[in-house]
Structure formats: structure tokens, C-alpha cells
1. Against the conditions (1) over 28 Å from Arg80 (Cβ atoms); (2) free of Cβ contacts under 8 Å to residues at least 24 places away in the same chain; (3) not hydrophobic (A, V, I, L, M, F, W, C), where does Asp200 fall short? Just the number, please.
2. Report whether or not Leu125 is touching a strand residue (DSSP E or B) at 6+ places or on another chain (Cβ under 9 Å) and either surrounded by 19 or more Cβ atoms within 10 Å (Cβ to Cβ) or in contact (Cβ under 8 Å) with a residue 12 or more places away in the chain (or both).
3. Could you go through the stretch 225-232 and let me know if any residue there is surrounded by fewer than 23 Cβ atoms within 10 Å (Cβ to Cβ) and under 25 Å from Gly143 (Cα atoms).
4. Determine whether Arg182 is surrounded by fewer than 20 Cβ atoms within 10 Å (Cβ to Cβ) and under 26 Å from Asp230 (Cα atoms).
5. Could you grab me the full set of residues in the stretch 48-61 that are crowded, with 20+ Cβ neighbours inside 10 Å and under 17 Å from Lys88 (Cα atoms)?
6. Of everything in the stretch 135-174, what is in contact (Cβ under 8 Å) with a residue 40 or more places away in the chain, surrounded by fewer than 16 Cβ atoms within 10 Å (Cβ to Cβ) and farther than 18 Å from Ile12 by Cα? Give them in sequence order.
7. Just the residues that are surrounded by 14 or more Cβ atoms within 10 Å (Cβ to Cβ) and either modelled with pLDDT of 95 or more or over 18 Å from Val90 (Cβ atoms) (or both), please, taken from the stretch 32-47.
8. Output the number of residues of the stretch 178-210 satisfying the condition of being modelled with pLDDT under 95, part of a strand (DSSP E or B) and of a type in the set (A, V, I, L, M, F, W, C).
Amino acid sequence: MKALVTGATGLIGSHLASALVKQGFEVICLARKSSSLDYLNGLDVKIVYGDCTFPDSLADIGKVDYVFHAAGQTKAIDLRQLYLLNEKGVENLLHAVKRSSPGLKRFVYISSLAAAGPSLDGKPLKEDAEPLPVSEYGKSKLGGEKLVLAQQGVLPFAIIRPPAVYGPRDKDLLLIFKMVNRGIALSWGKSWYSFVYVEDLVNGIILSALKDEGAGEIFYLSDGAIYSSDDIIDSVAEALGRSPVRVPAPRFLLPVLGAIGERLKGCSIMNADKVREIRQTHWICDTGKAVEKLGFSPKTTIKEGAKWTAEWYRIHNWL
């Protein structure tokens, strides 16, 4: 079985490529020439250089049985970049795959809970709820979903909507680990979240490709629990052996921090678009459909995952 993984140099894609190799897949990783291949070192994979935003660069993909599209832009100061990769990039890849792999068994698109938006009634979102994204990122990922859904009856696909993803190599939640490690925990008030450890997510992604029941479906993949913002801080604090001081930060300050973040060098996790998401109180989803149809069985609680993530950060001098 031959599988193409895009975004293979990132958090989800690198773990996915590793898991596919272990399961006996012949893995092709699409990577930009500017991307670091550190996370792929030692893996028996073939590197093909290309960029989903440049159609001509996808000509060397070749024939594959499965495509796992994990490439995406999560934040950008220039919002055009979000839509270029998260929408146009999907369209380009779909065209390329249909040309090169007419017998494709599954095209798995890694979307996001942000594409559906937050829960407005405090109940975990199910896949049939109307998507109401609140951020440009969420809108761009929903745009990618619509392009994939338009392939119904033409190309076998599955769409995965992960909530917050964490684990070794994650850079977004690293900020929380660093703050707690320094004895500080900012609090915006009570919020509730679904989380998924990256290895559990990867297992679910592969199930969506291999199971007949995954074809043409959208799935939420989480660890099945709902965590308060305090639960998250407590888990990180326990993993680090710290007792941070809780510092209340009014929500009305978030736009100010977002504006500051956009002026920092590089692409900060805190920018105006991310503030639109952070201001919401319920980012929660129901993973029951994946459990029933795919046999998805997440193994990692946030306490275990935070401990393993902290250990990885320390070993690699990220903390």
C-alpha cells in the first residue's frame, strides 16, 4: 500500500508518517524545499519536494493508494495565505491526485474543529451540526472541506475534525507549558475544551482511511472527555511539578494582546484571528460517531499526555 502524506514535516503529519511506516505502508512525504526534515530523519520514507499552492510542483507525486492531506496554515498575519493553502491548496491537490491515482482508495482531509466553530449551547458538537466558524482560519478550513465534499461519488474521502491537538513536537501549547514552568498561569475565566493526544489522533486518521465505514464521512476525533481551563492548567502543572500562580486576565484585554502579537516578529500564536477563537467558551465535540463507525478507541488522558509531552520538551530543551 502506497500513501502520500502532505504536511509531513509538521506535528500531525510527522507522527502520521511514522505510524504508517510501522503499519507497512510505502510512504511518500510531500515537503517544501524550505521545510526542515528533522522529524522524518531515520524514517523509511520517500521525500518528494512540492507545494500544494503550486500545481506544477505536484506532478511528481505518482500513483498512490491513499492520500493524507495534513498540510495547512493555522495562523497568518496575511489572511490571504490562509485561504491560499487551506482552500486553493486542497483544490490543487485534489486535481493532481485524480490525474495520477484514478484508483485511489481514500483521500483523508485533516480539517479542524475550528471549521465547525464553537458549541453555542454548551453541548458537544456532532458532525451534522451546521458549521459556524468564528475565525478566518476556521472559514478557510471549512472552504477546504467543501471542496472535498464536492468529490462525493467521484473520489472516496474522509474528513477529520480534530479539536486541540497536543503531544511531542507541538509548538502551540508549548507557550502554556513555558508559562506554567515559570510559575504563572493566565486565566480568561471558565472555558471548556476537547483535546486529543497526537498518537490517538493519528490512529483515528488511519482507521478513517482503512475502514469501509469511513468513506464519505466527517469525524470528530478527541479523547472523549471535556476539560475545563482549570483542568488543563492542573494537568500541565502536575506534569511539570509546579504550582503556578493563577493570574486573572479579563477577556476584554484579548484584542489588545492579539494586536501586540501581530506586531511581533514571525507568526505569533496570539493574533487577532486567534483571539476570535479564544474568546469563545466551549470548543467541545462528540467523538461517538468515530467510536461507533471506526472502532476509534483513544488511550491517552490529558494527565498522561501532558506528562509525556513535558518529558519530550525537556529532553529536547524546549523548556
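1. Here Asp200 clears every test but (2).
2. Values: touching a strand residue (DSSP E or B) at 6+ places or on another chain (Cβ under 9 Å): yes; either surrounded by 19 or more Cβ atoms within 10 Å (Cβ to Cβ) or in contact (Cβ under 8 Å) with a residue 12 or more places away in the chain (or both): yes.
Answer is yes for this residue.
3. Within the stretch 225-232 (the criterion being surrounded by fewer than 23 Cβ atoms within 10 Å (Cβ to Cβ) and under 25 Å from Gly143 (Cα atoms)), the answer is no, since none of the residues qualifies.
4. yes
5. Initial filter on the stretch 48-61 (crowded, with 20+ Cβ neighbours inside 10 Å): 50-52, 58, 61.
Of everything in the stretch 48-61, those that are crowded, with 20+ Cβ neighbours inside 10 Å and under 17 Å from Lys88 (Cα atoms) turn out to be Gly50, Asp51, Cys52, Leu58.
6. As a first pass, look at the stretch 135-174 and keep what is in contact (Cβ under 8 Å) with a residue 40 or more places away in the chain: 135-138, 140-141, 143-145, 147-148, 151-152, 154-174.
If we keep only those that are surrounded by fewer than 16 Cβ atoms within 10 Å (Cβ to Cβ) too, we end up with 152, 154, 171-172.
Within the stretch 135-174, Gln152, Val154 meet the criteria.
7. Narrowing the stretch 32-47 to residues surrounded by 14 or more Cβ atoms within 10 Å (Cβ to Cβ): 32, 35, 37, 39-40, 43, 45, 47.
Correct list: Ser35, Leu37, Tyr39, Leu40, Leu43, Val45, Ile47.
8. 3
The values are calculated or read from the model by the stated rules, or taken from the named source; none is laboratory data. Every value quoted in this text rests on a predicted model; they were computed, and no experiment measured them. Counting neighbours? That spans all protein chains shown, and the Cβs are built from the backbone with ideal geometry, glycine included.
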